[in-house]
Structures are given as C-alpha cells and as structure tokens.
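Okay, so here's the structure we're looking at.
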Amino acid sequence: MQGLANLLRRNLAMKLLALFSAIFLWLYVMNEQNPPAEVSYSVPVEVHNLASDLVVHQLPETVRVRVKGPRSAVAYLNPADMKAVLDLKGLSEGKHTPRFQVNVPSGVELLEIQPNPVPITLEMIISKVVPVELRLNGSPEPQTASVKTDSSVKQVRIEGLRSAVAAVSQVVVTVDASGKDASFEVEAPILALNSEGRMAEGVTITPDVSHVLVAWSKPQIKKQLDVEAAFQGQLPLGTKITRMVIVPNKVEAQGDKAVLDGMPYISTEIIDLSQVNGNIDRELNLQAQPGVVFQPTKVRVQISVER
C-alpha cells in the first residue's frame, strides 16, 4: 500500500499538469465542436386562471423568446414544447401588465421574452333584459286604414362584453308590410342595433326570433242610407199598391268605406208580391252586407193594396 502511495506521489507535478491539460483540451474540443448559441423562437401564449366571466383584450397569440445554450441543445428545441404562460389569477376587470413565464429545458438559459410584461385589459361578460320594439316597414294598400300588431316576444336578454352590451341602443323586430291588405303572421328575427341604427356586434340575444301577428283594419265610415222595399213576383191580377210607408225610411250604416261608397240605398228582406192577399204591415230585416252594421237593424213596411 505504501508502495502505491509512493508511486502516485512520484512526478506529481507532471501528472497534475497532464490532467489539467486533458481537461482544458476536452473543454476546448467541446467548445469548438458544440459552441454556445443564441436562438429566438415564436412561442404560443397560454392563459391560466382567467375568471369565467372575464375576457382578455390585446393579448398577443405568440411572444418572442430568446434562449442560449450549447448548439446541440438549442438546435433541437421545438417551439411547440415551450409555452409562454400568463397567470391571471386574482385579476379583476380593468387594465393590467402581467409577466409571462416560460419554462426552458435543462442546460438552456432563458435570455429574453418579448414583450414582457404585456399590457392587457380584462373586461367582464354581462347580461341584461331589454324591451323589444316592433317595427312595421313598407306601406300597406291605400284602403287599409289602421293596423294592429302583436309580437310573441316583449323582452329579451342580451349578453356580451360590457362595452358591447353598452353599445346596444335598442332591440327591434322588423316586419315588411309592403303591399299587404290583409292580416298575416310571420316569424321575424330579433336584432340589436347601435345608436347609428346598425347591427350591434358582440352580443347574443335570447330568444332571437319572435312570432308576429299583423291585423289590418279597413277604413270605417258612417253613412245615412235610404231604405227601399225589395220585391219579387207579381201582384194578383187586378190588384195594385196604392200606398207604401217604410218606418224609418233612413238608417245609419257603419262599415268599410269601400263597401258603403257603392251602396246608394239598403233593401229590406224580399216581399213576395204573388202572396199578397191584402194590406201588409210587417217588420222586416235589412239585407245583410259584409263589413256593415245598421242602426236600426229592422224597419216596418206598411203597404196598402186595392182590387
């Protein structure tokens, strides 16, 4: 054992010099064959711990990451294996400048992340209930006097970012009535508009369709009409009418203007002259007319005949 120790101490200086020379030569060769290198990558951004009712504005999709390490190490780095993580835990609505965190493989040094920190804005998602305005576009036919409308949806819930919801000026359902002259029903979309009357963006509407009923009303007028007795058949031979009285001889009619404009008088229900055997004193109905009501609805007809 003593002999081995003496052997190690023999020419110790030369042996140490040889060891250091070997280490230096190894480092030199390794540095020449695998020198350090700096490389930049575009690394995708990941957001962690973002509150469910918040949205991030102005967040870049990627950041530039500069690393340094042996050429053999950085040459085989895959940018997809590195993530630039932005931890937003505990942050509330407003402006913030958080910093990215990037994990790099062992033996590789992280030199720079650009940009870092990054200015962002967090905005809250909100919702509110708003009334729905029913609009009728287009002109109906001229004989249409008025219209009644009814929408199955009177109010809706709009949801979106606070700024998007605030930009909604009104919520409308629009129906085209061009050329219509009768009642109709239609399913129409519900739209959110901004202050300029354009479609508001970034909001959802629930429900987003309304069932609309449009009921036209024709022009109504009142008119005094003469009452005339209506006859059919012939009086028995040798019989003639000597006197006829209708009480009242005028009635008030109310209804569609188009109908009443074409009515110079109104007739009673028909009297069959072939069945007349003597004087007549009857209460008769007025002949019905579509869309028209009369006051009174009956008149008394008195007819005197002689043979």
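Before moving on, here are some points about what is shown:
- Among the residues making up the stretch 36-58, those that are of a type in the set (A, V, I, L, M, F, W, C) and surrounded by 15 or more Cβ atoms within 10 Å (Cβ to Cβ) are 39, 43, 45, 50, 51, 54, 55, 56.
- Taken over the stretch 264-289, the criterion of being within 60 Å of the chain's Cα centre (by Cα) and modelled with pLDDT of 90 or more is satisfied by 264, 265, 266, 267, 268, 269, 284, 285, 286, 287.
- Remark: residue 221 falls outside the filter, which requires a residue to be closer than 30 Å to residue 93 by Cα, in a strand (DSSP E or B) and open to solvent by less than 50 Å² (accessible area, probe 1.4 Å).
- With respect to (1) at pLDDT below 95; (2) surrounded by 13 or more Cβ atoms within 10 Å (Cβ to Cβ), the lone exception for residue 198 is condition (2).
- Strands (runs of 3 or more DSSP E) wholly inside the stretch 82-173 containing at least 2 residues that are over 22 Å from residue 50 (Cβ atoms): 109-114, 120-137, 146-151, 155-161
- Residue among 213, 235 that is part of a loop (DSSP other than H, G, I, E, B), in contact (Cβ under 8 Å) with a residue 60 or more places away in the chain and surrounded by 13 or more Cβ atoms within 10 Å (Cβ to Cβ): 235
- Residue satisfying all of: in the stretch 171-195; over 15 Å from residue 135 (Cα atoms) and among the hydroxyl-bearing types (Ser, Thr, Tyr); most open to solvent (accessible area, probe 1.4 Å) among these: 195
- Matching residues in the stretch 269-283 - criterion: being free of Cβ contacts under 8 Å to residues at least 40 places away in the same chain and loosely packed, with under 14 Cβ neighbours inside 10 Å: 278, 279, 281, 283
The values are calculated or read from the model by the stated rules, or taken from the named source; none is laboratory data. Here the structure is a predicted model, which means the values were calculated and not measured. Here Cβ is always computed from backbone atoms with ideal geometry, including for glycine, and neighbour counts include all displayed protein chains. These accessible areas exclude ligands, DNA and RNA; they are computed on the full protein's heavy atoms, side chains included. Shrake-Rupley method; radii C 1.70, N 1.55, O 1.52, S 1.80 Å.
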